[in-house]
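Q: Handing you this structure, nothing more for now.
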Amino acid sequence: LVREARAAYVAPSADRDDSRVTELILRAKRAGEFVACGRHAAAERLLRDVVAAVARRDSFVHASRLSITLATVLSDRGRLADANATLEEAITFAQSSRAEDLVIEGRIRQATIRTAEAAFVEAEALCRAVLEGPVVDAALRAPQHAVLADALVWQGRAHEAPDIELDNLSGLEPRVIAEACEVKTRVLLAKGALFEVGEAGVAQVPAHA
């Protein structure tokens, strides 16, 4: 009876917290509008505020996802060090909630940043560590292979690059699909597989339709 009374007492508070988290997530969506009209600083401030607010409510999955979004905003502005630090926070949030898929996404995005910084060996190491870990979602393998392949191409090791299965990209973000297709094209060009480049180009058409 004591346990039941306690549950009945705390439930309204939990409901209010859930409602507040929902409000915060909806508020965070405005960041996309800010970015679209060039207000990147406003988007950054908004996302940082919401991340802090949802983290205080122990909603670590949302905090992780929004931190990854913030890292993308920072990366697009050329602030790679800040983006990497934000991804590290995202990974910490994800680990707190045992959201392995978000841990993987954070690591792969860190590898992308390492590639942009010309730290190709580090990018490769990050990708291989992720690929050797548990498989959470088979659909994530294609973008993971794309990031690894990109790091290998820049090292002149295109022939070691894993195959990027474009058919497995359906359902992912358009940006992720476009980046994976671009990497596949670079790999094929580096291998001198010009005919296959044409085939890959045809395969990309439905993804952008």
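Q: Could you tell me how many of the residues in segment 166-176 are open to solvent by 70 Å² or more (accessible area, probe 1.4 Å), outside any helix (DSSP H, G or I) and not hydroxyl-bearing (S, T, Y)?
A: Qualifying residue count for the region: 2.
Q: Got a sec? Which helices (runs of 4 or more DSSP H) wholly within segment 12-131 have at least 2 residues that are closer than 20 Å to R175 by Cα and free of Cβ contacts under 8 Å to residues at least 12 places away in the same chain?
A: Hits in segment 12-131: 30-36.
Q: Let me ask you something else. Condition first: of a type outside the set (A, V, I, L, M), under 12 Å from V73 (Cα atoms) and modelled with pLDDT under 95. Can you find one or more residues in segment 24-32 that meet it?
A: yes
Q: List pairs: first in segment 137-157 and surrounded by 24 or more Cβ atoms within 10 Å (Cβ to Cβ), second in a helix (DSSP H, G or I) and aromatic (F, W, Y), Cβ under 6 Å, 6+ apart or cross-chain?
A: Cβ pairs passing all conditions: A151/F120.
Q: Hey, can you tell me all the residues within segment 55-95 that are of a type in the set (S, T, N, Q) and farther than 20 Å from T22 by Cβ?
A: Once the filter is applied, which keeps residues that are of a type in the set (S, T, N, Q) and farther than 20 Å from T22 by Cβ, segment 55-95 yields T72, S75, N84, T86, T92, Q95.
Q: Go through segment 39-96 residue by residue and tally those that are of a type in the set (S, T, N, Q), over 16 Å from I25 (Cβ atoms) and surrounded by 15 or more Cβ atoms within 10 Å (Cβ to Cβ).
A: Selection size over segment 39-96: 6.
Q: Next question. Scanning for something open to solvent by 60 Å² or more (accessible area, probe 1.4 Å) and at pLDDT 95 or above, does segment 97-106 turn up at least one residue?
A: no
Q: Which numbered condition trips up D163, out of (1) assigned to a helix (DSSP H, G or I); (2) of a type in the set (D, E, K, R); (3) open to solvent by 40 Å² or more (accessible area, probe 1.4 Å)?
A: So D163 meets the others, but not (1).
Q: Can you say whether T185 is under 15 Å from the mean Cα position of the chain (by Cα), open to solvent by less than 60 Å² (accessible area, probe 1.4 Å) and hydroxyl-bearing (S, T, Y), as far as the supplied structure shows?
A: no
Q: Scan segment 123-131 and give yes if some residue there is within 30 Å of S19 (Cβ to Cβ), in contact with a helix residue (DSSP H, G or I) (Cβ under 6 Å, 6 or more places away or on another chain) and open to solvent by 20 Å² or more (accessible area, probe 1.4 Å), otherwise no.
A: no
The values are calculated or read from the model by the stated rules, or taken from the named source; none is laboratory data. What you see is a predicted model; the values in this text were computed from it and never measured. We place every Cβ from the backbone using ideal geometry, glycine too, and count neighbours over all the protein chains shown. Side chains are part of the model used for accessible areas, which takes the heavy atoms of the whole protein and leaves out ligands, DNA and RNA. Shrake-Rupley method; radii C 1.70, N 1.55, O 1.52, S 1.80 Å.
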